[in-house]
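The values are calculated or read from the model by the stated rules, or taken from the named source; none is laboratory data. Because the structure is predicted, anything quoted here is derived from the model rather than measured. Don't worry about glycine lacking a Cβ; one is built from the backbone with ideal geometry, like all the others, and counts go over all protein chains shown. Side chains are part of the model used for accessible areas, which takes the heavy atoms of the whole protein and leaves out ligands, DNA and RNA. Shrake-Rupley method; radii C 1.70, N 1.55, O 1.52, S 1.80 Å.
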Amino acid sequence: MSKGMMSIGASIRGLGYNASAWRHPDVDPTVQESISFYAELAKKAEAAKLDFVFLADNLAATSMDDRPKGALGRGHDNITLEPLTTMAAIAVLTSRIGLVATCSTSYQQPFHVARLYASLDHITGGRAAWNVVPSYRQTEGANFGLSEPISHSERYERAEEFVTVVQGLWNSWDRDAFVYDKKSGIFFDPTKVRALHHRGKFFQVEGPLTATRSPQGRPAIFQAGESGPGVELAAKFADAVYTVPLEKAASIQQRQLVRQTAAKHGRSEESIKVIPGIQPVVAATKKEVEEKLELLRSIADPIKEMGRLIIQFKDISKYDLEDTLPASFVESAVTSSARPIAEKAVASKWTVRRLCQEMALGQQRIVAGTPEEIAADLTEWFSSGACDGFNVSPSHVPGGLFEFLDQVVPILQERGVFRAEYAGRTLREHLGVARDAS
Ligand SMILES: Cc1cc2nc3c(=O)[nH]c(=O)nc-3n(C[C@H](O)[C@H](O)[C@H](O)COP(=O)(O)O)c2cc1C
């Protein structure tokens, strides 16, 4: 990646990040298990020279309990293709774009995960990345024999050991370990392969891995935690960190914290990229922008939204839809990403219904305007040190993504703040994060 250029990625999961995206008039609600649909999104993002496409994931159908009454049956986000399987298919239909797939450290095993991502990195010629998530939902735990979710601290302790083991396994084979000498019968040099003999609190893993060192040396690592343990995990292992800031000043602070914490762990500050999420709403005029925002609010389904809000705000169900949220509501935020939303709801004197509409829009910063206005906003954030790029979480697909790729990206390329052509072949080269030298 050339100096002074931003990284741009796109989240292509489901039907978009509007919680009721399936009700958008331009959305086909039947495509969530269509590989050709997702391949189309990835190919279009590659044509726009994006760094990566990303698939988030949850290990449970999101809302199968009918809370509040009538919520069941209203959600489209209960079905989705498994990320690594999907990316392996997209891999052979693309050639340059990075493929970031999510995998849980709470409910997976390190040997499996190391093998899956090393294989994807071989299949893609060095374009694979692992979005490390210490899954936290109770509904996910219930699919792995747990009645209670794992505590926050244990999730991160396990995640730290998990990633350490995976990286150890990726390190099993030296690049020049293989001899292939048919005459002598020597296939590989035993001095150039290592078993791991890992004995830890959560895992005992012998190794070596059954996959050789992959094209990137090791697949890239993405992560998205904002709590203390979340930032520590990122600073130790991540090449890129997803964030969800709503304000530029907060993003500048967050980026400095992540970079300084990485330096504390002996890494260069340049080796870790901070990538905030954005939801672009593009239109030619202010009036059309407002109309698009109103449409995105109007498809919101408060009954369904309450089902989601219950997960992020522990006592939301004691309010009626038309109640204005009191100051004490801020303390009911469950995750770090929910708190700024609660603060905004209270400060803006929102009712529960308005919170539902705003939450349905998605948690990423909404960047609404003409293509020039959006390009100017993103350039301003980037040049002010608030981020190293952006992760586009479209309101709905394909429209919400394609409008950004067709109308905003060309302006960023003209301005010289985003690549017009791929210089590198691997995701690490796109992001400008070093390859594991060994
Ligand atoms: C852009 C982004 C993508 C995320 N993707 C996932 C995901 O795919 N699956 C998941 O369970 N959590 C996902 N998360 C949640 C984070 O992994 C993490 O649990 C959350 O940010 C809370 O972090 P904390 O424990 O440090 O507060 C994502 C968060 C962000 C901001």
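Brief remarks follow.
- Taking residues in the stretch 191-210 that are within 11 Å of N171 (Cβ to Cβ), and partners anywhere that are open to solvent by 100 Å² or more (accessible area, probe 1.4 Å) and not β-branched (V, I, T), the pairs with Cβ atoms closer than 8 Å and at least 6 places apart or on different chains are G207/H197; L209/R115.
- S34 being surrounded by fewer than 21 Cβ atoms within 10 Å (Cβ to Cβ) and more than 27 Å from E421 (Cβ to Cβ): yes
- Listing of helices (runs of 4 or more DSSP H) fully contained in the stretch 101-208 that carry 3 or more residues being open to solvent by 30 Å² or more (accessible area, probe 1.4 Å) and away from the ligand (no atom under 16 Å from the Cβ): 110-124
- Exactly one residue out of R365, R308 is within 16 Å of the ligand (Cβ to nearest atom), open to solvent by less than 40 Å² (accessible area, probe 1.4 Å), charged (D, E, K, R) and under 29 Å from S135 (Cα atoms): that is R365.
- Residue ID - farthest from S383 (Cα to Cα), chosen from residues in the stretch 221-246 that are without any contact (Cβ under 8 Å) to a residue 60 or more places away in the chain and either of a type in the set (D, E, K, R) or not in a strand (DSSP E or B) (or both): G228
- Among the residues of the stretch 1-21, the ones that are among the hydrophobic types (A, V, I, L, M, F, W, C) and surrounded by fewer than 22 Cβ atoms within 10 Å (Cβ to Cβ) come to 3 in all.
- Meets criteria (hydrophobic (A, V, I, L, M, F, W, C) and closer than 30 Å to R353 by Cβ) for V258: no
- Those helices (runs of 4 or more DSSP H) of the stretch 384-438 in which 3 or more residues are open to solvent by 10 Å² or more (accessible area, probe 1.4 Å) occupy 399-407, 409-414.
- Which listed residue is in contact (Cβ under 8 Å) with a residue 60 or more places away in the chain, over 26 Å from S271 (Cα atoms) and among the β-branched types (V, I, T), from V409, V397, V392: V397
- Conditions (1) touching a residue at least 40 places away in the same chain (Cβ under 8 Å); (2) crowded, with 18+ Cβ neighbours inside 10 Å; number of the one not met by A61: (2)
- Among the residues making up the stretch 267-291, those that are more than 25 Å from the chain's Cα centre (by Cα) and surrounded by fewer than 18 Cβ atoms within 10 Å (Cβ to Cβ) are A284, T285, K286, K287, E288, E290, E291.
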